[in-house]
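The structure appears right after this line, and notes come after that.
The values are calculated or read from the model by the stated rules, or taken from the named source; none is laboratory data. What you see is a predicted model, and the numbers here were worked out from it, not measured in a lab. The protein model used for the area step is the full one, side chains on, heavy atoms only, and it has no ligands, DNA or RNA in it. Shrake-Rupley method; radii C 1.70, N 1.55, O 1.52, S 1.80 Å.
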Amino acid sequence: MKDVIIACDFSSGTQVLEFLDKFASCARKPFVKIGMELYYAEGPSIVREIKKRGHRIFLDLKLHDIPNTVRKTMKVLSNLDVDMTNVHAAGTIDMMKAALEGLTREDGTRPLLIAVTQLTSTSEERMQKELLIGAGIADTIAHYASNAAEAGLDGVVCSPLEAAMVKEKCGSGFIAVTPGIRFADAAADDQVRITTPARAREIGSDFIVVGRPITAAEDPVAAYERCVKEFLPE
Ligand code: C5P
């Protein structure tokens, strides 16, 4: 179940397909994350194309709307045959339940559904001052994670440093999908709360989401293989 997900943060289909071509001879077919930028640029056809090439897909669109709209949208995304998608936990338990209903296909199968708790770009200060959420950020994340579990979701996106807390609160089977991954000898870029693939494994991440350390590497395939070796040692 554990895997390395490459965040394919490209703005065109040509760029992402050229990038994925490099992995043609790779023994492992990478699990890829498609975000808003690429999806809004290319639409569902890019999802179908990448799926046709045999990759598993995390469609990271972070839905947040009224339950009825989210239910109907999730039905459409489920038909795209993605493997994982997500919503904002801030949309409430009712919205997360509606997402789950929409995502579930007639035969009972569905993609994994993950909740975003608080974005890693939101500081505790801004959350309290601008959003008027009085609790601390760690308590908010833990509470949103337990709301997601109550709604029946499979897990949350969180910083690897929060994965242990989430598992403690929601059970070891509740999935932690963690961005903010950097190699020990690399730059942090704009990420603040970061850790290495090996440390993320020790803390309990189920899926690490890795973007620039692979996409901007001189040799992306070698960087991906290094991530896999550190995160999933045989
Ligand atoms: O390039 P980098 O490894 O920082 O990319 C991390 C990916 O994970 C990006 O696609 C980013 O949008 C996403 N992400 C994140 N922090 C979150 C949620 C998603 O970095 N809390």
(message) What figure, in Å² to the nearest 10, do you get for the accessible area of I194 with a 1.4 Å probe and non-protein molecules left out?
(response) 60 Å²
(request) Just tell me which aspartates and glutamates come within less than 14 Å, Cα to Cα, of K52; anything on the same chain fewer than 8 places away is out. (result) D21, D81, D83
(message) Over the chain, with a Gaussian network built from C-alpha contacts below 10 Å, which listed residue (P179, P67, P160) shows the highest mean-square fluctuation?
(response) P67
(message) Given an 8 Å cut-off on Cα distances and at least 6 residues of separation, report the relative contact order of the chain as a percent.
(response) 19 percent
(request) Report the residue, chosen from L20, L131, L100, that carries the largest GNM mean-square fluctuation when the chain is represented by alpha-carbon nodes joined by springs under 10 Å. (result) L131
(request) Starting from the coordinates of the alpha-carbon atoms of region 28-115, obtain the Kirkwood hydrodynamic radius over all distinct pairs and give the value in Å to one decimal. (result) 13.0 Å
(message) Taking the alpha-carbon distance from K97 and a cut-off under 15 Å, which aspartates and glutamates remain once sequence neighbours fewer than 8 residues away in the same chain are dropped?
(response) D65, E150, D154
(request) Beyond 18 Å, what share of the Cα-Cα pairs of region 119-234 is found? Please give it as a whole percent. (result) 54 percent
(message) Quick query: amide H of K33 versus all other amide H atoms, modeled in the peptide plane; which residues come in under 5 Å with a sequence gap of 5 or more or a different chain?
(response) I6, A7, C8, F58
(request) Express in Å², to the nearest 10, the accessible area of E37 obtained by rolling a 1.4 Å probe over the protein heavy atoms while all chains stay in place. (result) 100 Å²
(request) Report the residue, chosen from G173, G152, G35, that carries the largest GNM mean-square fluctuation when the chain is represented by alpha-carbon nodes joined by springs under 10 Å. (result) G173
(request) On the full set of protein chains, 1.4 Å probe, figure out the accessible area of I137 and give it in Å² to the nearest 10. (result) 40 Å²
(request) Could you check how much of the accessible area of region 184-229 is carbon and sulfur, as a whole percent, using a 1.4 Å probe? (result) 48 percent
(request) Hey, can you find the accessible area per residue of region 24-98 for me, probe 1.4 Å, expressed in square angstrom? (result) 48 Å²
(request) Kindly provide the helix-only [θ] at 222 nm of the chain, computed as the sum of -39,500 (n - 2.57) over DSSP H runs of four or more divided by all residues, to the nearest 500 deg cm²/dmol? (result) -12500 deg cm²/dmol
(request) Give me the Kirkwood hydrodynamic radius of the chain, using the inverse of the mean 1/r over all pairs of distinct Cα atoms, in Å to one decimal. (result) 18.1 Å
(message) Using 21 Å as the Cα-Cα cut-off, could you pick out the over-long pairs in K29/K72; K29/K229; K29/K75; K129/K167; K22/K229?
(response) K29/K72; K29/K75; K129/K167
